[in-house]
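Novice: Could you have a look at this structure, given as structure tokens, before my questions?
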Amino acid sequence: MFRNLRLKLTLINILIMGILLLLFILGTYFLMERQIIKQSEGVLRNLVAAIESGSADRLAEFDRTEYFYVTTNQSGIILKTYFARSDLDQRKYSEIVQKIVSGKRDKGDFDWHDHSYSFLRVPLQKGSGFLVVFVSIERDMEILGFLLAALAIAGLVCLALAFYSSLFLADKALVPIKKSWQRQRDFVADASHELRTPLAVMQTNLELVLGNPKETVEEQAVWLENIGTEVTHMAKLVDDLLFLARVDSEQQLLELSRFSLDRAIGEVIRPLLPLAAAKGIQLKQEIEADVDFSGDEKRIKQLVVILIDNALKHTPAGGEVTLALRTRGTCLELLVKDTGVGMASEHLSKIFERFYRIDNARSNNLEGTGLGLSIADWIVKSHHGSIQVKSSPGKGTSFLVTLPL
């Protein structure tokens, strides 16, 4: 698929470049041709003026010009001729002179016996008949031919360079597409894997319930509770997946407003205190008062919940989780620190990836979806902030969020 897309992008670019080069070459050629025609017309008119004036001095100015002229009667019969070169045979031009005299054009170009000429026909000042002046444009045609060849060669070279440049640019353009495609495939594969587990648990427990139809709901409570737990887990997973899908399609927008950040955090922490107490974990708060912030209040609350919930899940009984909020100049810092199991340094750069799991105690929790920290990372970055993590095995983990005020 990507190979065909790369080829299509390259061919489209080459086609566009080819059309532009062709237009440039043709435009340049016809512009030069028009300029040469105008110059030859100017020479012809100057020659006519010099001939009609009968001035030898004025005609001497055209010694280096290959020209000749004839005077004819109304029927085209040559009355007088003048050839600047002695090797020209006037008998060869009788036929073309008659055609010019009897024709409708007073000026133009023609090819005759492998020679190219421009002509100008004017009525004689004295008597009836015409003065027809001819100027060779062989040299001009050679220049035009050389120009056309040079432009064609330059065009082919440019097309060759454009071809390789297009391949290079197509490869560069496909890099983010390939990454997005691979990320999407991984996302779908991981989502399928994550959904398969709760579905399998639900199916197994449901089979156990259906296998004992005579038992009461109370007697089947264990299996029904397992099903309920998995339904809750799967609903949370689907909700997170939909959120990230909207993020990827840029449909998830922030609802910005000015709000009291310390009040919002207090509202988030309040329902989490009983949960921490039930697990035997001390939840400490170091919240600076009167901190106003411009952002999406709902998403900032979601960020705090994700970080606190993550800390509570991976902190054993008797441990501590600390939430601190403080301002530092034009920024504010939100710190969530725990005394939990921690993690090795090689995992720190990957924990914000979707569905990333660590094969230790941090992943032995069926309630997690593996998406929380990815969502937290998006919330922070969408507020133009940064999030840093420090951790050591057995020494806990700390997340530091820095947001501009």
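Novice: Residues of region 224-267 being at pLDDT 85 or above and of a type in the set (A, V, I, L, M, F, W, C), which ones?
Specialist: Result: Leu224, Ile227, Val231, Leu256, Phe259, Leu261, Ala264, Ile265.
Novice: Still on this structure, please answer the following. Would you call Leu307 more than 22 Å from Cys331 (Cβ to Cβ), in contact with a helix residue (DSSP H, G or I) (Cβ under 7 Å, 6 or more places away or on another chain) and open to solvent by less than 30 Å² (accessible area, probe 1.4 Å)? Steps first, please.
Specialist: Working: more than 22 Å from Cys331 (Cβ to Cβ): no; in contact with a helix residue (DSSP H, G or I) (Cβ under 7 Å, 6 or more places away or on another chain): yes; open to solvent by less than 30 Å² (accessible area, probe 1.4 Å): yes.
Spelling it out, it is not the case that Leu307 is more than 22 Å from Cys331 (Cβ to Cβ), in contact with a helix residue (DSSP H, G or I) (Cβ under 7 Å, 6 or more places away or on another chain) and open to solvent by less than 30 Å² (accessible area, probe 1.4 Å).
Novice: When you scan region 274-291, how many residues do you find that are in contact with a strand residue (DSSP E or B) (Cβ under 7 Å, 6 or more places away or on another chain) and either under 22 Å from Val341 (Cβ atoms) or surrounded by 13 or more Cβ atoms within 10 Å (Cβ to Cβ) (or both)? Give the steps one after another, and end with the answer.
Specialist: Step one: list which residues in region 274-291 are in contact with a strand residue (DSSP E or B) (Cβ under 7 Å, 6 or more places away or on another chain), which gives 276, 281-288, 291.
From what's left, either under 22 Å from Val341 (Cβ atoms) or surrounded by 13 or more Cβ atoms within 10 Å (Cβ to Cβ) (or both): 276, 281-285, 287-288, 291.
Looking only at that region, the number is 9.
Novice: Now a separate question. So Lys104 passes all but one of these: (1) open to solvent by less than 100 Å² (accessible area, probe 1.4 Å); (2) modelled with pLDDT of 80 or more; (3) not aromatic (Phe, Trp, Tyr). Which condition number does it fail?
Specialist: Here Lys104 clears every test but (1).
Novice: Let me confirm something: among Met17, Met1, Met32, which residue is modelled with pLDDT under 80, over 30 Å from Gln125 (Cβ atoms) and aliphatic (A, V, I, L, M)?
Specialist: Details: Met17 fails: modelled with pLDDT under 80; Met32 fails: modelled with pLDDT under 80.
Result: Met1 is the single residue among Met17, Met1, Met32 that is modelled with pLDDT under 80, over 30 Å from Gln125 (Cβ atoms) and aliphatic (A, V, I, L, M).
Novice: Only one residue in Arg183, Arg196 is open to solvent by 90 Å² or more (accessible area, probe 1.4 Å) and farther than 23 Å from Glu230 by Cα. Which one? Step through it out loud before you land on a result.
Specialist: Values: Arg196 fails: farther than 23 Å from Glu230 by Cα.
Matching residue, one of Arg183, Arg196: Arg183.
Novice: Which condition number does Asn360 fail, the rest of (1) over 32 Å from the mean Cα position of the chain (by Cα); (2) open to solvent by 20 Å² or more (accessible area, probe 1.4 Å); (3) at pLDDT 90 or above being met?
Specialist: Failed condition: (3).
Novice: Of the residues in region 40-79, how many are touching a residue at least 24 places away in the same chain (Cβ under 8 Å), open to solvent by 60 Å² or more (accessible area, probe 1.4 Å) and either over 18 Å from Gln98 (Cα atoms) or touching a His at 6+ places or on another chain (Cβ under 6 Å) (or both)?
Specialist: Narrowing region 40-79 to residues touching a residue at least 24 places away in the same chain (Cβ under 8 Å): 40-41, 43-45, 47-48, 51-52, 65-76, 79.
Pick out the ones that are also open to solvent by 60 Å² or more (accessible area, probe 1.4 Å) and you get 45, 52, 74-75, 79.
Checking which are either over 18 Å from Gln98 (Cα atoms) or touching a His at 6+ places or on another chain (Cβ under 6 Å) (or both) leaves us with 45, 52.
So the count comes out to 2.
Novice: When the residues of region 119-153 are narrowed to those that are free of Cβ contacts under 8 Å to residues at least 40 places away in the same chain and assigned to a helix (DSSP H, G or I), which ends up most open to solvent (accessible area, probe 1.4 Å)?
Specialist: So the first thing to find is which residues in region 119-153 are free of Cβ contacts under 8 Å to residues at least 40 places away in the same chain, and the list is 121, 123, 126-127, 139, 141-142, 145-146, 149-150, 153.
Still in the list and also assigned to a helix (DSSP H, G or I): 139, 141-142, 145-146, 149-150, 153.
Working: Arg139: 184, Met141: 76, Glu142: 124, Gly145: 40, Phe146: 152, Ala149: 49, Ala150: 44, Ile153: 107 Å².
The qualifying residue most open to solvent (accessible area, probe 1.4 Å) is Arg139.
Novice: Still on this structure, I have one more. I need the full set of residues from region 70-84 which are out of contact with any helix residue (DSSP H, G or I) (no Cβ under 7 Å at 6 or more places or on another chain) and part of a strand (DSSP E or B), in order please. So that I can check it myself, show each step before the final result.
Specialist: Of all residues in region 70-84, those out of contact with any helix residue (DSSP H, G or I) (no Cβ under 7 Å at 6 or more places or on another chain) come to 71, 73-75, 77, 79-80, 82, 84.
Answer for region 70-84, where residues must be out of contact with any helix residue (DSSP H, G or I) (no Cβ under 7 Å at 6 or more places or on another chain) and part of a strand (DSSP E or B): Thr71, Leu79, Lys80, Tyr82.
Novice: Looking at region 201-211, can you tell me whether even one residue there is in contact (Cβ under 8 Å) with a residue 24 or more places away in the chain and open to solvent by 90 Å² or more (accessible area, probe 1.4 Å)?
Specialist: no
Novice: Another question, if that's okay. Counting only residues that are at pLDDT 90 or above and β-branched (Val, Ile, Thr), which one in region 370-401 is surrounded by the fewest Cβ atoms within 10 Å (Cβ to Cβ)?
Specialist: Result: Val389.
Novice: For region 1-22, how many residues are open to solvent by 50 Å² or more (accessible area, probe 1.4 Å) and either under 18 Å from Leu161 (Cα atoms) or not in a helix (DSSP H, G or I) (or both)? Break it down into steps so the answer makes sense when it comes.
Specialist: Filtering region 1-22 down to residues open to solvent by 50 Å² or more (accessible area, probe 1.4 Å) leaves 1, 3-9, 11-13, 15-17, 19-20, 22.
Next cut, either under 18 Å from Leu161 (Cα atoms) or not in a helix (DSSP H, G or I) (or both) only: 1, 6-9, 11-13, 15-17, 19-20, 22.
Counting residues in region 1-22 that are open to solvent by 50 Å² or more (accessible area, probe 1.4 Å) and either under 18 Å from Leu161 (Cα atoms) or not in a helix (DSSP H, G or I) (or both) gives 14.
The values are calculated or read from the model by the stated rules, or taken from the named source; none is laboratory data. Computed from a prediction, not measured in an experiment: that's the story for all the values here. Virtual Cβ from ideal backbone geometry, glycine too; neighbours counted across all protein chains shown. Side chains included, ligands, DNA and RNA excluded: accessible areas come from the protein's heavy atoms. Shrake-Rupley method; radii C 1.70, N 1.55, O 1.52, S 1.80 Å.
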